[in-house]
Every structure is written in C-alpha cells, then in structure tokens.
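Worksheet: the structure to be examined is printed underneath.
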Amino acid sequence: MTAVTDTMMTLKKILIVEDTEVHRDLMQYELKDRYDLEFATDSQTALRLLRENRYDLVIIDFNLPPGPNERAQSGEGQRILQAIRDRQSDQKLPMKIVVVSSYLGDQDTIEAKEAGVDRIFDKPFSLYEFTDSIDRLWDDRE
C-alpha cells in the first residue's frame, strides 16, 4: 500500500477547508495528481461536505469564516474539528486531520492536538515539507 492509494488503487480523498484562494490554489497544484480533492471555503460548507462524504484526510484552515448565512464567531476551525471527532466516535471512521493557520494560539494548539490533529502547519509553510508530510501521513500507521 502506498501513501497515495489504498489496496483498490483508488485515490485517497481529501477535503481542503481554506478560504484564502492563493493557499487553496497552491495546495491543489501540489496535491491534485496524487489525491481526489474537494474544497470548502467556509465552515458551513465544510460541515455539509463532512456529513455527505467520507474523507481520508481533512486539511483545515483554523482561522476560517462562517458560512454565508451564519453569524461570525471565533472557533470555526475548532467547530469543524469537533464535528469530525463526533463523526469518528459515532461511526468509527478513521480520518487524518491537518491544521494550517496563520496564527494558532497556545490554547488552540493544545485543543487541536487533543482533538486528534495529526499535523499542524503555520502559514507561511514550505510546500515541499507540507506535501511530503501529507504523503507520509499514511506511512505512520502502516
């Protein structure tokens, strides 16, 4: 088994939750040939996609805006992490989680790690290190 595919040779599915277009585009450029990618630009869309689909990995911008019909509140990234944790405990679905953020406070970092985040990247980050780390996520459990 490789980092990119499972035994059925299907691409691993990644949800990228990122509101900044340039960061979204860079991640897409680096990952598109190796993974099946879907995107959300706000927490409302991300939560809907998480309810409707199964993902092998979710990459979350922790400083994310709410959806268009929601009031702004802090903790949108934490809200998505909680939804993932709830889904995993209810359905026993293994899902890797990576957090990217331009600012992640100490308490946010602690909460993210407690929520089962596999990797945390501070923006700006090296695309090489980022993609290499994504590829190695599945090697860690094999």
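Each value in this text was obtained by applying a stated rule to the coordinates, not by laboratory testing. Just so it is clear, the model here is predicted, and its values are computed rather than measured. Note that each Cβ is placed from the backbone with ideal geometry, even for glycine, and that neighbours are counted across all protein chains shown.
Some notes on this structure:
- Computed from the alpha carbon atoms alone, the convex hull of the range 13-141 holds 104 Å³ per residue.
- Å³ per residue enclosed by the Cα convex hull of the range 79-138: 78 Å³
- Per-residue packing, averaged as other Cβ atoms within 10 Å, sorts the ranges 39-49, 117-127 into the order 39-49, 117-127, beginning with the highest.
- Within the straight-line cut-off of under 13 Å between alpha carbons, the aspartates and glutamates reachable from LYS96 are ASP56, ASP118, ASP135, ASP139, ASP140, sequence neighbours fewer than 8 places apart in one chain being disregarded.
- Computed from backbone phi, the HN-Hα couplings of the range 55-61 come to 10, 7, 8, 10, 9, 10, 6 Hz, rounded to whole numbers (Karplus: 6.51 cos²θ - 1.76 cosθ + 1.60, θ = phi - 60°; Gly and Pro given as x).
- Residues whose placed amide H lies under 5 Å from that of ILE59, excluding near-sequence neighbours: LEU15, ILE16, VAL17, VAL98
- Charge tally around LEU64: other residues with Cβ under 10 Å, Lys/Arg +1 each, Asp/Glu -1 each, net -4.
- ³J(HN,Hα), Karplus 6.51/-1.76/1.60, whole Hz, each residue of the range 10-17, x for Gly, Pro: 9, 5, 5, 9, 10, 9, 9, 10
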